[in-house]
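The values are calculated or read from the model by the stated rules, or taken from the named source; none is laboratory data. Computed from a predicted structure; not experimentally measured. Counting neighbours? That spans all protein chains shown, and the Cβs are built from the backbone with ideal geometry, glycine included.
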Amino acid sequence: MSSTADSTKPQAEATPEKPEQGHAEEEEELSIVDQDELWTDVTPIPQADVERPMVQIAYHPEYRKAMNLFRGILKKNEFSERALKLTTIILQYNAGHYTVWNYRSQILKHLQLSDPEGKHIQKELAMLNKHMADMRKSYQAWQHRALMVELLKDASKEIEFVNQVLKADAKNYHTWTYRQSLLCRYNEPEMWAGELTTTERLLEEDVRNNSVWNHRFFTVFDTFPLHTPGISSSEFAQIVQREIQFTQHQILKAPNNPSAWNYLRGYPQIILFLSLLSSHHLSPIRLIFFFFFTPPPPEKKCENRVLKRGSIPLNTLEDFVLPLTKTRLELETQPSGWPTGLNTQSDLPVPAAVELLANIYAQSQAKTQIALELYELLSEKLDPIRKGYWKFLSQRAVANQATAPSTTV
């Protein structure tokens, strides 16, 4: 295959057999490439393949003819109804064709100049509403939709639309990215209003859905200066406590769920954000930029900063994680019995809980030896695939305590 082939050439795997025809309107659009009288002023431009390509791509005849016409239209820089219909045919064969999506957006933007009511854009969004679930893994389709919403200047129905797409795939990266871009771009109170409820509902359906955990963190912590700009440090501290309790409840339902543990362990960084909020008079956007795009301080400095400001230290989680580091037999025979709310089918001990407890004890000279024993347990039994990592943490704990003043947790 020639390296000088036309840049609009689609990938081989993106050209399936002729798609099924739908209602009469779609049939009319599909047949437009065969209406030669419509294209008398367009010179088709064949794909620039070499004379003897190593692999001959078996394009469908209609797709090949449509692409030849498209290159001719592209050369003319034509933004017309027929050009729009031509892109429809191509995208039915290759929904990931970036050049065609981009040109389609330009066509619709041009047509809107003579369509103040936005009928073309509304029709386009209706088409996307119908087919977006099937194209949900296409970056190009989501980008096109974002441009259409921007042209229409009305994003009021978009969150509900995203909710419908998530019913087909609740973990789709493109869908969640689009949702977050909507929230940040338009920043409408009614758009933010249902975000926590949505995450709670989706976590009820699948507590291991990392996409939902990520979105909850995005909503609660990453973007709060946008949707709650006047929040005080004390109010934010209450939110942190609420999220810790919420996450602990979810962990007890599925203790070996890494998504919930990662969410829980994210809160020390949030406490640092809280300290910045209380000590810097920065605008919300500058504060977000400062925190998320500035290299973080060394870990020890960060910890000292958190403790110095009287924020939540890591060892406040000790009572919560301790039972999860025990075996089933140990829990069943101890006086306190099985922890309230803990799933009785849980595999114990929980590696994430053992790691967190080891990290807590590693901060105390009095309990460093226990931390080393926990790292050894992880290395030899619970998580041997990361044996080198546990060895590193053990060595760091010993080195840190050798130079640290005597403290207790």
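Structure data summary
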read-out: Residue within segment 4-15 that is out of contact with any Asp or Glu (no Cβ under 8 Å at 6 or more places or on another chain), of a type in the set (Val, Ile, Thr) and modelled with pLDDT of 50 or more present; value: no
read-out: Criterion violated by Gln401 - all others in (1) farther than 17 Å from Asn256 by Cβ; (2) modelled with pLDDT of 95 or more; (3) of a type in the set (S, T, N, Q); (4) surrounded by 16 or more Cβ atoms within 10 Å (Cβ to Cβ) satisfied; value: (2)
read-out: Residues of segment 92-104 satisfying the condition of being without any contact (Cβ under 8 Å) to a residue 60 or more places away in the chain, of a type outside the set (Phe, Trp, Tyr) and surrounded by fewer than 21 Cβ atoms within 10 Å (Cβ to Cβ); value: Asn102
read-out: Gln164 vs. criteria polar (S, T, N, Q), loosely packed, with under 14 Cβ neighbours inside 10 Å and within 26 Å of Ala352 (Cα to Cα); value: no
read-out: Helices (runs of 4 or more DSSP H) (entirely within segment 324-406) containing at least 3 residues that are closer than 18 Å to Leu314 by Cα; value: 351-362, 368-377, 387-403
read-out: Pairs, first of a type in the set (D, E, K, R) in segment 134-157, second modelled with pLDDT under 95 and surrounded by 17 or more Cβ atoms within 10 Å (Cβ to Cβ), C-beta under 8 Å, six or more apart; value: Asp134/Ala95; Arg145/Met132
read-out: Scan of segment 48-94 for residues that are of a type in the set (S, T, N, Q) and more than 16 Å from Asp34 (Cβ to Cβ), ordered by number; value: Gln56, Asn77, Ser80, Thr87, Asn94
read-out: Test for Pro44: is it part of a loop (DSSP other than H, G, I, E, B), modelled with pLDDT of 95 or more, buried (at least 16 other Cβ atoms within 10 Å of the Cβ) and out of contact with any Ser or Thr (no Cβ under 7 Å at 6 or more places or on another chain); value: yes
read-out: Enumeration of residues in segment 46-58 that are among the hydrophobic types (A, V, I, L, M, F, W, C) and more than 17 Å from Asn94 (Cβ to Cβ); value: Ala48, Val50, Met54, Val55
read-out: Lone qualifier among Ala133, Ala155, Ala83, Ala95 - being at pLDDT 95 or above, of a type outside the set (Asp, Glu) and assigned to a loop (DSSP other than H, G, I, E, B); value: Ala155
read-out: Wholly within segment 166-282, helices (runs of 4 or more DSSP H) carrying at least 3 residues that are of a type in the set (Asp, Glu) and at pLDDT 95 or above; value: 195-205
read-out: Residue tally, condition under 17 Å from the mean Cα position of the chain (by Cα) and of a type in the set (Gly, Ala, Ser), over segment 134-164; value: 3
read-out: Complete set of residues in segment 105-130 that are of a type in the set (Asp, Glu) and not in a loop (DSSP other than H, G, I, E, B); value: Glu124
read-out: Residues being farther than 20 Å from Asn343 by Cα and exposed (fewer than 15 other Cβ atoms within 10 Å of the Cβ) - total across segment 234-259; value: 5
read-out: First in segment 52-76 and in a loop (DSSP other than H, G, I, E, B), second anywhere and modelled with pLDDT of 95 or more, Cβ under 8 Å, 6 or more apart; value: Tyr59/Met67
read-out: Subset tally (residues that are surrounded by 13 or more Cβ atoms within 10 Å (Cβ to Cβ) and more than 20 Å from Pro229 (Cβ to Cβ)) for segment 178-204; value: 7
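Here is a yes/no grid of residues against (1) in contact with a Leu (Cβ under 6 Å, 6 or more places away or on another chain); (2) more than 30 Å from His249 (Cβ to Cβ); (3) of a type in the set (Gly, Ala, Ser):
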residue	(1), (2), (3)
Glu332	no, no, no
Gly337	no, no, yes
Ser346	no, no, yes
Gln365	no, yes, no
Lys381	no, no, no
Lys391	no, yes, no
